[in-house]
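Novice: Got a structure for you, questions after.
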Amino acid sequence: MTDKIAVIGSNDSVLIFKAVGCDVFGVSNEQNTRVALNKAITEYKVIMITDDFAPFVEDIIEDTKLSSYPAVLVIPSGTKVSSYALDKISADVEKSLGVNILKNKEN
Amino acid sequence: MSRLNVNPTRMQLKTLKGRLNIAVRGHKLLKDKTDEMIRRFSSLVKQNYSLRSQVEEEVRLLLKQFCMAKAFNSTKQISSLFAFPNSTITTMFNTNSIMNVGVPSISVILNEVKNLPYSYIDSNPELDILVQKTQNIMPKLMELASLEKTCQILASEIDRTKRRVNALEFVMIPQLTETIKYIAMKIEENDRASRIRLIKVKSMIQNRNS
């Protein structure tokens, strides 16, 4: 594993991360998102993926949840507003505590 | 509650009492561990939520602005501009331990950048500003990555420990208690039976002799 950071998303939005030394994987559909993430998981310690492609690879992200590395971080895509990542945090809280303590924060 | 399928002997009784002792101790330890993990998790998850809300807004704005700035150049041009980044961030990956659970800790050393990785002629000013913004946002993103991972790992660990605590509390300890009670009663009953038999035999011998 390298100490570099991988960014997966549509080329239009994530190319900027290339300027700070991240490796950018431009994807356009479910199939190449899967290929890119599977490759990135074996090679990078931190992987950022935009929230418009994250739902395609939810199963792979779930598999990496229990180990410290790689850390898969869902970032917003810049094209549309989505509460995908915040919903995931709420689901985790509800699963482990039985009650969503973030509910007041959401409202 | 079903009791264990064991022979009612003194040897078994001793073994089961030992097991019950360990189960009770383990239950207390695991319960304390869960409580402490929940305490830490609830504060971490609140931090995570507020940091994510803040970072998401910044990243969304950044990527949106990048889409606009990119319109002046083609994707190929931009890609070649960023092809040789003068790597501005150094990331350090470590593993910390919270209640004996390994969680990642990512620290970022931000190097002061004097020059952009390309010449000003090829790009537009908006792009230059956005590159600077991206450099500034990276430490926050890495902090969010480690915080979010910590929360995910803690959440699943809490879930697992809770299952263990419940299994001990509602299955193992009642089973062991009931089996111990059963064996103790059985042994007492055998004891009484043999005593009565002896008394009976003694009285029969006395009757025959007299």
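Novice: Taking 0.36 nm per residue of separation and subtracting the Cα-Cα distance, what length does fully extending B:GLU58 through B:VAL171 add?
Specialist: Here the segment from B:GLU58 to B:VAL171 would lengthen by 35.7 nm.
Novice: Continuing with the same structure: Taking the convex hull of the alpha carbon atoms in chain B, what volume per residue do you get, in Å³? Write out the running numbers ahead of the final one.
Specialist: On the way: hull volume 34.4 nm³, N = 210.
Considering the Cα atoms of chain B, their hull volume per residue is 164 Å³.
Novice: Kirkwood hydrodynamic radius, computed over distinct alpha-carbon pairs, for segment B:1-87: how many Å, to one decimal?
Specialist: Numbers: mean 1/r = 0.0507 Å⁻¹.
Across segment B:1-87, the inverse of the average 1/r is 19.7 Å.
Novice: Going out from 0 in 5 Å bins, what whole percent of all Cα-Cα distances in segment B:4-47 drops into each bin?
Specialist: Histogram of Cα-Cα distances, whole percents per bin: 5, 19, 15, 13, 11, 9, 9, 7, 6, 4, 2, 0.
Novice: Would you kindly give the portion of the calculated P(r) for segment B:157-210 that falls above 15 Å, as a percent of all Cα pairs?
Specialist: On the way: 980 of 1431 pairs.
Beyond 15 Å sits 68 percent of the P(r) for segment B:157-210.
Novice: Using a probe of 1.4 angstrom, how much of the accessible area of segment B:1-68 is carbon and sulfur, in percent? Could the numbers behind the result be given before it?
Specialist: Numbers: 2420 of 4320 Å².
Percent of accessible area from carbon and sulfur atoms in segment B:1-68: 56.
Novice: What number, in percent, do you get for the relative contact order of chain B if the mean sequence gap of Cα pairs under 8 Å and at least 6 apart is divided by its residue count?
Specialist: Numbers: 158 pairs, mean separation 80.0, N = 210.
Relative contact order of chain B: 38 percent.
Novice: Once the protein assembly as shown is represented by equal point scatterers at the alpha-carbon sites, with solvent omitted, what log10 I(q)/I(0) does the Debye formula produce at q = 0.06, 0.07, 0.12 Å⁻¹?
Specialist: -0.35, -0.43, -0.85
Novice: So, one more: Could you check which residue among B:GLY26, B:GLY18, B:GLY102 shows the biggest mean-square fluctuation in a GNM of chain B with a 10 Å Cα cutoff?
Specialist: B:GLY18
Novice: With contacts defined as alpha carbon pairs under 8 Å and 6 or more residues apart, what's the relative contact order of segment A:3-107 in percent? The partial results should precede the final answer.
Specialist: Numbers: 141 pairs, mean separation 23.5, N = 105.
Relative contact order for segment A:3-107 comes out at 22 percent.
Novice: Hey, another quick one. Quote to one decimal, in nm, the extra length available between B:MET185 and B:LYS76 on full extension: 0.36 nm per residue of separation minus the C-alpha distance between them.
Specialist: On the way: separation 109, 0.36 × 109 = 39.24 nm, distance 8.47 nm.
Roughly 30.8 nm would be gained on extension.
Novice: Any chance you could check the Cα centroid distance between segment A:67-107 and segment B:24-39 for me, in angstrom?
Specialist: Taking the Cα centre of each part, segment A:67-107 and segment B:24-39 sit 26 Å apart.
Novice: I would also like to ask the following. Roughly how many Å is it from the Cα centre of segment B:131-210 to that of segment B:44-87, as a whole number?
Specialist: 52 Å
Novice: Quick check: the angle from helix A:30-43's long axis to the longest principal axis of chain A, C-alpha only, nearest 10 degrees?
Specialist: 80 degrees
Novice: Please give the calculated 222 nm ellipticity per residue for chain B, where each DSSP H segment of at least 4 residues contributes -39500 (n - 2.57) and the sum is spread over every residue; nearest 500 deg cm²/dmol? Mind dumping the intermediate values first?
Specialist: Values: 4 runs with 148 residues, N = 210.
Helix contribution divided over all residues of chain B: -26000 deg cm²/dmol.
Novice: Further question on the same structure: Which of B:MET92, A:THR79, A:GLY98 sits farthest toward the positive end of the charge dipole of the protein assembly as shown, with +1 on the Cβ of Lys and Arg and -1 on the Cβ of Asp and Glu?
Specialist: Highest projection toward the positive end goes to A:GLY98.
Novice: Only bridges whose two residues both fall in the protein assembly as shown count here: according to DSSP, what percent of them are antiparallel, nearest 5?
Specialist: On the way: 10 of 24 bridges.
Expressed as a percentage, antiparallel bridges in the protein assembly as shown total about 40.
Novice: Please arrange B:PHE170, A:PHE53 by accessible surface area, largest first, computed with a 1.4 Å probe and ligands excluded. Don't jump to the answer; show the numbers that get you there.
Specialist: Working: B:PHE170 120, A:PHE53 15 Å².
Final ranking, largest accessible area leading: B:PHE170, A:PHE53.
Novice: Quick check for you: with a 1.4 Å probe and neighbouring chains kept, what is the accessible area per residue of chain B, in Å²? Please report the intermediate quantities before stating the final value.
Specialist: Details: 12850 Å² over 210 residues.
Per-residue accessible area for chain B comes out at 61 Å².
Novice: In a shell of Cβ-Cβ distance under 11 Å around B:ARG164, excluding B:ARG164 itself, what net charge do Lys and Arg (+1) and Asp and Glu (-1) give? If you can, show how the numbers build up before the last one.
Specialist: Numbers: positive: B:LYS31, B:LYS33, B:ARG160, B:LYS162, B:ARG163; negative: B:GLU157, B:ASP159, B:GLU169.
Cβ neighbours under 11 Å give a net charge of +2.
Novice: Three principal axis extents, largest first, for the C-alpha atoms of segment A:2-78, in Å?
Specialist: 31, 26, 19
Novice: So what J values fall out for segment B:163-174 if you push phi through Karplus, 6.51 cos²θ - 1.76 cosθ + 1.60 with θ = phi - 60°, rounded to Hz, Gly and Pro as x?
Specialist: 4, 4, 4, 5, 4, 5, 5, 9, 10, 5, 5, x
The values are calculated or read from the model by the stated rules, or taken from the named source; none is laboratory data. In this text, all values refer to a predicted model and were calculated from it rather than measured experimentally. Every residue, glycine as well, gets a Cβ built from its backbone with ideal geometry; the counts of neighbours run over all protein chains shown. Side chains included, ligands, DNA and RNA excluded: accessible areas come from the protein's heavy atoms. Shrake-Rupley method; radii C 1.70, N 1.55, O 1.52, S 1.80 Å.
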